[in-house]
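Visitor: Before I ask anything, here is the structure I am working with.
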Amino acid sequence: MTGRAALAVDLGGTKLAVAVIDDAGALLWRAQQPIEKDSVECCARQVARLAAEAVEATGSAPAAAGCLVPGIVRPDGAAWAPNLWGRRFEPLGQVLGGRLSWPVLLENDRAGHLLGETWKGAARGAQDAIFLAVGTGIGAGILAGGRLVRGARGVAGSAGWMCL
């Protein structure tokens, strides 16, 4: 391992993907399974189980975790992911923080995937880019002038759904 590792968590509409990467972006461990989406607590328990597997497999705890959410993430750590646990904002950051023994950063999946592309992918070095994700839903991560565009209330790029 070259430096400190991070736990990368991707909550999806149908799957949970977890990986451990080092600070150079090298993949150290990964796992994927169908997501348990009955409640925010259920999702957090599943993440914690895979995090424990990651620690056992790599021999050390990560310095931090980044968790991508298919929906809206507020600065206070509350997340809205209707295809996972319903139509209410839930305290995902607090619940995950209580189960993991390292800092947890939440971000919406469209922004997180775009930031990954600007770090190691096709948008490396770009000041303006759009990442279009087509999966259980449709979303776009938007980078303009080197800054992530979140929009009012964090919904910029939420192209494939709307709340009525």
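The values are calculated or read from the model by the stated rules, or taken from the named source; none is laboratory data. Every value quoted in this text rests on a predicted model; they were computed, and no experiment measured them. So basically every Cβ, Gly included, is an ideal-geometry build from the backbone, and we count neighbours across all protein chains shown. We work out accessible area using only protein heavy atoms, side chains counted, and drop any ligands, DNA or RNA first. Shrake-Rupley method; radii C 1.70, N 1.55, O 1.52, S 1.80 Å.
Visitor: Do we find that G3 is in contact with an Asp or Glu (Cβ under 9 Å, 6 or more places away or on another chain), at pLDDT below 95 and surrounded by 13 or more Cβ atoms within 10 Å (Cβ to Cβ) in this structure? Steps first, answer last, please.
Guide: Numbers: in contact with an Asp or Glu (Cβ under 9 Å, 6 or more places away or on another chain): yes; at pLDDT below 95: yes; surrounded by 13 or more Cβ atoms within 10 Å (Cβ to Cβ): no.
Spelling it out, it is not the case that G3 is in contact with an Asp or Glu (Cβ under 9 Å, 6 or more places away or on another chain), at pLDDT below 95 and surrounded by 13 or more Cβ atoms within 10 Å (Cβ to Cβ).
Visitor: Then there's this: Determine the pairs where a residue that is hydroxyl-bearing (S, T, Y), located within the range 82-101, has a partner that is surrounded by fewer than 21 Cβ atoms within 10 Å (Cβ to Cβ) with Cβ atoms under 8 Å apart, the partner being 6 or more residues away or on another chain.
Guide: If the second residue must be surrounded by fewer than 21 Cβ atoms within 10 Å (Cβ to Cβ), the pairs left are S101/A61.
Visitor: Select the helices (runs of 4 or more DSSP H) contained entirely in the range 1-112, then report the ones holding at least 1 residues which are touching a strand residue (DSSP E or B) at 6+ places or on another chain (Cβ under 7 Å) and charged (D, E, K, R). Don't jump to the end; show me each part of the working.
Guide: Working: elements: 40-58, 82-85, 92-99.
It comes to 40-58.
Visitor: Let me ask you something else. For the condition over 15 Å from the mean Cα position of the chain (by Cα) and open to solvent by less than 30 Å² (accessible area, probe 1.4 Å), what is the one hit in G59, G86, G71, G93?
Guide: Details: G59 fails: open to solvent by less than 30 Å² (accessible area, probe 1.4 Å); G71 fails: over 15 Å from the mean Cα position of the chain (by Cα); G93 fails: over 15 Å from the mean Cα position of the chain (by Cα).
The match here is G86.
Visitor: Tell me which residues, restricted to the range 123-164, are among the small types (G, A, S), exposed (fewer than 15 other Cβ atoms within 10 Å of the Cβ), under 19 Å from the mean Cα position of the chain (by Cα) and at pLDDT 85 or above.
Guide: Result: G151, single match.
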